[in-house]
1. Every residue in segment 212-230 that is of a type in the set (D, E, K, R) and crowded, with 24+ Cβ neighbours inside 10 Å, please.
2. Here is a list of conditions, (1) assigned to a loop (DSSP other than H, G, I, E, B); (2) out of contact with any strand residue (DSSP E or B) (no Cβ under 6 Å at 6 or more places or on another chain); (3) in contact (Cβ under 8 Å) with a residue 24 or more places away in the chain, and Arg121 meets all of them except one; can you say which number that is?
3. Say we look at segment 110-147 and pick out the residues that are among the aliphatic types (A, V, I, L, M) and exposed (fewer than 13 other Cβ atoms within 10 Å of the Cβ); which of these is nearest to Tyr87 (Cα to Cα)?
4. Please work out if His84 is within 14 Å of the chain's Cα centre (by Cα), crowded, with 18+ Cβ neighbours inside 10 Å and not hydrophobic (A, V, I, L, M, F, W, C).
5. Please work out which residue is nearest to Leu107 (Cα to Cα), limiting yourself to segment 217-240 and to residues that are of a type in the set (A, V, I, L, M) and under 22 Å from the mean Cα position of the chain (by Cα).
6. Looking only at segment 106-120, which residues are within 15 Å of Ile252 (Cβ to Cβ) and modelled with pLDDT of 90 or more?
7. Kindly evaluate Arg154 against the criterion of being at negative phi, surrounded by fewer than 16 Cβ atoms within 10 Å (Cβ to Cβ), of a type in the set (D, E, K, R) and at pLDDT 95 or above.
8. Over 20 Å from Lys122 (Cβ atoms) and either in contact with a Leu (Cβ under 6 Å, 6 or more places away or on another chain) or not hydroxyl-bearing (Ser, Thr, Tyr) (or both): is that true of Ala227 in this structure?
Amino acid sequence: MTRHAAAAAGFTLAFAACSSAAAPAGPFAPAGLTASGPRVVALISASAEWKILVAQLPGEAKHETPFGEWFVHRLGSEEVVFFHGGYGKVSAAGSTQHAIERWHPQLLVNLGTCGGFGGERKVGDIVLASETYIYDIVELMGDPEEAIEDFHTRLDPTLWPARLASRVTIGPIVSADRDLDPGAVATLHAKYHASAGDWESGAIAWVAAHNHTRVIILRGVTDLVDAVAGDPTYHAASAWERASVAVMASLISLLREAMSDLSKP
């Protein structure tokens, strides 16, 4: 799956955990948010995905952070903060912490794109992460498996509404600061029982867990990576962007349907 700086994948939608702290005043709490702050924060990682999102949810006033823009948009009866956090593990970790500390929302949901592999996924599938692995950690002084396990995060898929269970596929997601290597996907599938990979889910899940923040990760498959055929989006970012438009629309629609359940205290 193609993740270049100009068109990096990883649309990440973040809803953060319950907190008694109120949202700060002034530029931190614009019109549309309650005095107690948003219950839902949507963290979007990639610049290309943010551009697609803004086009699909037009007309909202934008505000700046050290990571990227954010705005408020109503989904159903809920005011959602959409926040552009940046692509890759470093930006994902930093912006997730920033979102949790700044807005103190109820639930963190990571929405975005991913590559599918292992022969189990098809373009358009939506994967609900049951756990995340960061697989590009290289430990040469000790046990490399122990180092990877340090950043292994287990999630709670039961947070997702049961009435929408048929709309998602539950399973692990693997993350790294790289595109999926066609020659390595068989090993990733066998070792982690995963069929989807991205750049940010592992970092977002780990930071959320260490903040005792409930998190849901949903990733839509834009492309399939195969050891023989490779990936049709590699060296063809425009192909990934076209597929991302449809995936993003599906994710926003699904989130809107789920909002009445996800925003409950």
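1. First, the residues of segment 212-230 that are of a type in the set (D, E, K, R): 214, 219, 223, 226.
Those that are of a type in the set (D, E, K, R) and crowded, with 24+ Cβ neighbours inside 10 Å: Arg219, Asp223.
2. Unmet condition: (2).
3. That would be Val138.
4. In short, yes.
5. If we take residues in segment 217-240 being of a type in the set (A, V, I, L, M) and under 22 Å from the mean Cα position of the chain (by Cα), then Ile217 is nearest to Leu107 (Cα to Cα).
6. Matches in segment 106-120: Gly112, Thr113.
7. In short, yes.
8. No; evaluated as a whole, the condition is false for this residue.
The values are calculated or read from the model by the stated rules, or taken from the named source; none is laboratory data. From a predicted model like this one, the values you see are computed outputs, not experimental measurements. Glycine also receives a Cβ, built like all others from the backbone with ideal geometry; neighbour counts cover every protein chain displayed.
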